[in-house]
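This report concerns only the one structure given below.
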Amino acid sequence: MAVLRRPNHQHNGKVPFSVGAFLIGLCSALVLESAVRKSAHAMETSIYRREYASFCSEKERRSYAEVTGRNIGADEELLEERYADLWARDHISDLSRALDETSAEFATERAALELLLAAAHVLYVEASARSVADELRACEQGAKWDEIRLQAAEEARPKERRALVRRALDALAACDDLRAERLALMEEAARTLGHPGSVALYERATRAQFDELAVAANGFLARTAERYLAALRARLRFDPEYDSSAEFDLADELRFRRLAAFDPFFPAEGLLPVWRTAVERLQIRLDQMPNLKVEPIFMPHGEARCFAVAPPDEVHLVIGQGTGLPRYASLFAEGGRALYFAWASRQMAARYPELIHSPDRAPEGGHAALFRRLWCDAHWIEEVRGLPSAEARRVAHATSLAELHAARFWCVLAQRFVAENAALQRSEFAAALADATGFERTAAALQVEVREGWQATTELRALCFAVMWNERLRTRYGRAWWRTRGGRDELIDVWNVGARYAVEELAPLIGAGALDYDFMADAMLDCLGDED
């Protein structure tokens with residue numbers, strides 16, 4: 001069996017049809033643009049890029065040290081002060097002029113500068129609200145929401161977990177004013193930069209059309225509602241862990257996501273072996289990739305984390321010691337992200353760090369979702385995890401239902417975000433989330449359980465790309481593409497290009513076609529048929 005050694009990012013195997021063309025074009029563009037481009041701001045831009053790469057690296061290294069218990073002596077406030085020039089208005093203006101002066105002939109340079117400028121805008125907006133954000137973080141930590149949410153997910157008794165969540169939400173009410181103040185400051189900062197608001201800023205940063213996405217999200221909700229809600233009711237109504245005498249609420253939703261019934265099949269000690277088995281099926285040897293450091297450590301939450309400290313040369317995949325199917329799914333998502341960074345083109349990373357540390361996280365998220373969704377494939381589960389066929393189908397069905405739940409959740413968040421955050425009253429927003437997920441929410445619950453809306457748009461775009469890419473891989477290499485050399489080669493080729501293309505551009509380039517949320521809905525519904 002062929003074995004991949006240390007990635008040199010100059011893949012010499014047979015390149016799948018359209019993938020090869022755009023890779024060759026990208027490499028040619030990098031060389032040509034580096035040699036030919038003569039801008040008055042070339043030196044300033046190159047310095048900015050080095051500082052941006054250093055800032056992203058330091059932030060990742062600090063996060064990695066914090067999670068793994070290492071003390072690197074880097075105070076976050078001092079780090080922000082050191083790199084404050086990155087979001088200084090005069091430097092943002094310099095980047096804008098550099099973009100204006102770059103000819104359309106240099107497509108890669110322009111695309112990279114667009115992302116670099118968008119990153120600077122995001123950093124500026126975040127810095128404008130940093131002091132309030134720090135207060136908000138301290139307030140939420142004081143209410144111990146993260147801790148209580150985990151406790152509630154582990155609590156099998158309905159009354160006890162509901163009481164836990166109610167107490168936590170009551171404590172978090174004190175943080176509401178800080179949340180509102182933070183959003184107001186970010187809106188004001190976005191307008192200062194010339195955007196109508198933060199939605200327009202993030203739309204530019206993610207290279208997406210949010211209005212079109214909101215329409216697609218509405219169609220996805222309508223297309224999947226009946227099957228999803230029927231499957232959810234079948235899962236919950238006769239389960240003693242859920243009190244069917246009352247409406248299912250946020251506490252029940254936390255328990256639903258936990259998928260605790262499958263714990264016997266997913267012990268903590270099996271996490272790393274299953275991940276290694278899956279990667280080796282792709283003929284990739286983790287032990288021969290020194291740039292990707294896989295580290296099993298004790299973490300209280302048991303979730304895996306990828307830290308792209310200096311990709312592709314230094315990427316860390318930290319694996320917590322947790323039991324349960326969600327921990328396995330988390331490892332595969334973060335493992336997919338780690339492979340994406342570890343196989344990025346070294347030449348591109350050096351020339352255009354913004355194509356690696358991109359403000360548009362949908363490309364890396366698409367790779368994470370592709371690997372996470374392997375747990376929706378009963379055949380893959382049977383082969384890689386070694387479960388009997390009937391149990392593999394049960395696991396695939398449960399994972400598919402959880403994935404559909406998450407997608408419907410993101411749809412409502414994305415719609416609300418596109419509607420400029422405040423267009424829906426809390427009661428209307430709560431009702432929309434209840435209709436989408438099947439779990440009731442109080443107004444207080446909205447403030448803590450709902451992630452940033454623009455992250456929901458990123459998750460949706462990444463998921464649609466992953467679903468369509470999976471279908472493209474199956475069509476070209478067979479249902480078991482995850483153990484074919486051709487499938488592996490195509491993955492590596494796409495990992496090489498980083499975030500050079502938005503997922504809306506990348507999907508057609510690799511032969512998957514335009515992102516189609518109706519197709520995503522149908523594919524996700526098909527997965528619900530895997531349980532006996």
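Dividing the alpha-carbon Rg of the chain by 2.2 N^0.38 Å yields what?
On the way: Rg = 22.8 Å, N = 532, 2.2 N^0.38 = 23.9 Å.
This ratio for the chain stands at 0.96.
P(r) for the stretch 246-393, please, calculated from all Cα pair distances in 10 Å bins and given in %.
11, 38, 33, 15, 4, 0
Can you give me the Rg/Rh ratio for the stretch 133-205, using Cα atoms for both radii and the Kirkwood formula for Rh? Working shown, then result.
Working: Rg = 16.9 Å, Rh = 14.3 Å.
Here Rg/Rh amounts to 1.18.
Keeping all protein chains in the complex and leaving out DNA, RNA and ligands, what accessible area do you get for ARG157 with a 1.4 Å probe, in Å² to the nearest 10?
130
Taking the Cα-to-Cβ direction at VAL215 and at GLU101 and moving 7 Å from each Cα, how far apart do the two end points lie in nm?
With each label placed 7 Å out from Cα toward Cβ, I get 4.0 nm.
Find the Cα radius of gyration of the stretch 173-230, compare it with 2.2 N^0.38 Å by division, and give the number to two decimals. Could you put the intermediate results ahead of the total?
Details: Rg = 16.4 Å, N = 58, 2.2 N^0.38 = 10.3 Å.
Relative to the 2.2 N^0.38 Å estimate, the stretch 173-230 comes out at 1.60.
At a probe size of 1.4 Å, how large is the accessible area of LEU515, to the nearest 10 Å²?
Counting only protein heavy atoms, LEU515 exposes about 40 Å² to solvent.
Quick one: divide the alpha-carbon radius of gyration of the stretch 117-164 by 2.2 N^0.38 Å and tell me what you get. Could the numbers behind the result be given before it?
Details: Rg = 16.9 Å, N = 48, 2.2 N^0.38 = 9.6 Å.
Working it through for the stretch 117-164, the quotient is 1.77.
What do you reckon, how do THR206, THR192 stack up by accessible area (1.4 Å probe), largest on top? The partial results should precede the final answer.
On the way: THR206 0, THR192 65 Å².
From most exposed to least exposed: THR192, THR206.
Return the distance in nm (one decimal) between the two label points of a simple spin-label model at ARG485 and GLU269, each offset 7 Å from Cα along Cα→Cβ.
3.7
Let me know the Rg and Dmax you get for the stretch 56-121 when you use only its Cα atoms, in Å.
Just the Cα atoms of the stretch 56-121 yield Rg and Dmax of 15.9, 48 Å.
DSSP beta bridges in the chain, what fraction antiparallel, as a percent rounded to 5? The partial results should precede the final answer.
Numbers: 4 of 10 bridges.
Beta bridges within the chain, antiparallel portion: roughly 40 percent.
Assigning unit charges at the beta carbon (Lys, Arg +1; Asp, Glu -1) and nothing else, what dipole magnitude in debye, to the nearest 20, does the stretch 271-403 show about its Cα centre?
Working: 15 positive and 15 negative charges, 16 e Å.
Roughly 80 debye for the stretch 271-403.
Which of ALA406, TRP380, LEU509 sits closest to the plus end of the dipole of the stretch 379-521, meaning its Cα is farthest towards the positive end, when Lys and Arg get +1 and Asp and Glu get -1 on the C-beta?
So the residue furthest toward the plus end is TRP380.
Once you charge only the Cβ atoms, +1 for Lys and Arg and -1 for Asp and Glu, what is the size of the charge dipole of the chain about its Cα centre, to the nearest 20 debye?
On the way: 67 positive and 82 negative charges, 321 e Å.
Here the chain has a charge dipole of around 1540 debye.
Please list LYS144, LYS159, LYS59 in order of solvent-accessible area, largest first, computed with a 1.4 Å probe with all protein chains present.
Details: LYS144 115, LYS159 155, LYS59 65 Å².
From most accessible down to least: LYS159, LYS144, LYS59.
The stretch 326-477: percent of C-alpha pairs farther apart than 24 Å?
Beyond 24 Å sits 44 percent of the P(r) for the stretch 326-477.
Could you give the size of the charge dipole of the stretch 325-461 about its Cα centre, using +1 on the Cβ of each K and R and -1 on the Cβ of each D and E, expressed in debye and rounded to the nearest 20?
Values: 16 positive and 16 negative charges, 48 e Å.
Taking the Cα centre of the stretch 325-461 as origin, the dipole is about 220 debye.
Just to check, using Stokes-Einstein with a Kirkwood Rh over alpha carbon pairs, what's the diffusion coefficient of the stretch 480-532 at 25 °C and 0.890 mPa s in µm²/s? Please report the intermediate quantities before stating the final value.
Numbers: Rh = 13.1 Å.
Taking Rh from Cα pairs, D becomes 187 µm²/s.
Remind me, what semi-axes does the stretch 180-310 give for its equivalent ellipsoid, largest first in whole Å, using sqrt of 5 times each Cα gyration tensor eigenvalue? List each step's numbers first, then the result.
Numbers: eigenvalues 239, 189, 62 Å².
Those come to 35, 31, 18 Å.
Based on the inverse mean of 1/r over its pairs of different Cα atoms, what is the Kirkwood hydrodynamic radius of the stretch 115-240, in Å?
Details: mean 1/r = 0.0552 Å⁻¹.
Result for the stretch 115-240 stands at 18.1 Å.
The values are calculated or read from the model by the stated rules, or taken from the named source; none is laboratory data. Note that the structure is a prediction, hence the values are computed from the model and not measured. Positions of Cβ are generated from backbone atoms using ideal geometry, with glycine treated the same way; all protein chains shown enter the neighbour counts. Accessible surface areas use protein heavy atoms only, side chains included; no ligands, DNA or RNA. Shrake-Rupley method; radii C 1.70, N 1.55, O 1.52, S 1.80 Å.
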